[in-house]
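Here's the structure we're looking at; comments come further down.
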Amino acid sequence: METHGVAYRLAIPLSTYSRLPAAEKEVLLFLSHVVREDAHTLYGFLSREERNLFETLITLSGIGPKTAQAIIGHIDLSSFERAVMAADTRLLSKIPGIGKKTAERLVIEMRDKFKGKAALPPTALAEHSLVADAVHALLNLGYTPAHAQKAVQLALQEKKEETDLARLITSALQKM
């Protein structure tokens, strides 16, 4: 990244990379400067919310900058929050670098951070369960969490009232 004649090396999540504009275009990134005994590293994010989540994640026990970056790069923020609030360790453990124990610790430690937000209404919980099941099915078929979530969301946009899991998965597979 270059700004005012000075070039910087930034570490960015995969999701940020895929959303960057064409080369030579101006872009606004929200930075986090992480200082370790052996390095000073800049991490860049396209949204303030991603940066804030990154900074929260690296304060947790056992979560370093690379793991936090992997979380943000492989799952969108709303899906991450829903997974934490629903204690969906199965979805979280599909993220590279996150095992079962780390996923459980994430749920426990991040739940308190998300508590200030309103709880999901019962209909949203039922819809979330359907979405989560569809995403899990796609993950088991070998799709990445980001691709699975995107396909399911696209399928839901097309068929807003879908309540059948098999039809939702079929529609999501057609969106892949």
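For the reader, a short list of remarks on this structure follows.
- Residues that are over 22 Å from I95 (Cβ atoms) and more than 20 Å from the chain's Cα centre (by Cα) within the range 37-56 comprise E37, D38, A39, H40, listed in sequence order.
- Qualifying residues in the range 71-101 (those that are within 17 Å of F30 (Cα to Cα) and touching a Pro at 6+ places or on another chain (Cβ under 6 Å)) - the one surrounded by the fewest Cβ atoms within 10 Å (Cβ to Cβ): G73
- Counted as qualifying within the range 15-100 are the helices (runs of 4 or more DSSP H) with 3 or more residues that are modelled with pLDDT of 90 or more, namely 48-57, 65-74.
- All conditions in (1) more than 22 Å from Y17 (Cβ to Cβ); (2) in contact with a helix residue (DSSP H, G or I) (Cβ under 6 Å, 6 or more places away or on another chain) hold for G99, with the sole exception of (2).
- Per the listing A172, A146, A132, the residue uniquely modelled with pLDDT of 80 or more and either of a type outside the set (S, T, Y) or assigned to a helix (DSSP H, G or I) (or both) is A172.
- Criterion violated by T59 - all others in (1) surrounded by 14 or more Cβ atoms within 10 Å (Cβ to Cβ); (2) over 15 Å from the mean Cα position of the chain (by Cα) satisfied: (1)
- Residues located in the range 35-79, provided they are under 17 Å from L20 (Cβ atoms) and either free of Cβ contacts under 8 Å to residues at least 12 places away in the same chain or of a type in the set (G, A, S) (or both): G44, S47, G73
- Scanning the range 1-14 for residues that are loosely packed, with under 12 Cβ neighbours inside 10 Å and assigned to a strand (DSSP E or B), we see that the one that is farthest from the chain's Cα centre (by Cα) is V6.
- Conditions (1) under 27 Å from L139 (Cα atoms); (2) in contact (Cβ under 8 Å) with a residue 24 or more places away in the chain: number failed by S93: (2)
- Test: R9 is of a type in the set (D, E, K, R), farther than 30 Å from A137 by Cβ and modelled with pLDDT of 90 or more: no
The values are calculated or read from the model by the stated rules, or taken from the named source; none is laboratory data. Bear in mind that the values here come from a model prediction, so they are computed numbers and not experimental data. Counting neighbours? That spans all protein chains shown, and the Cβs are built from the backbone with ideal geometry, glycine included.
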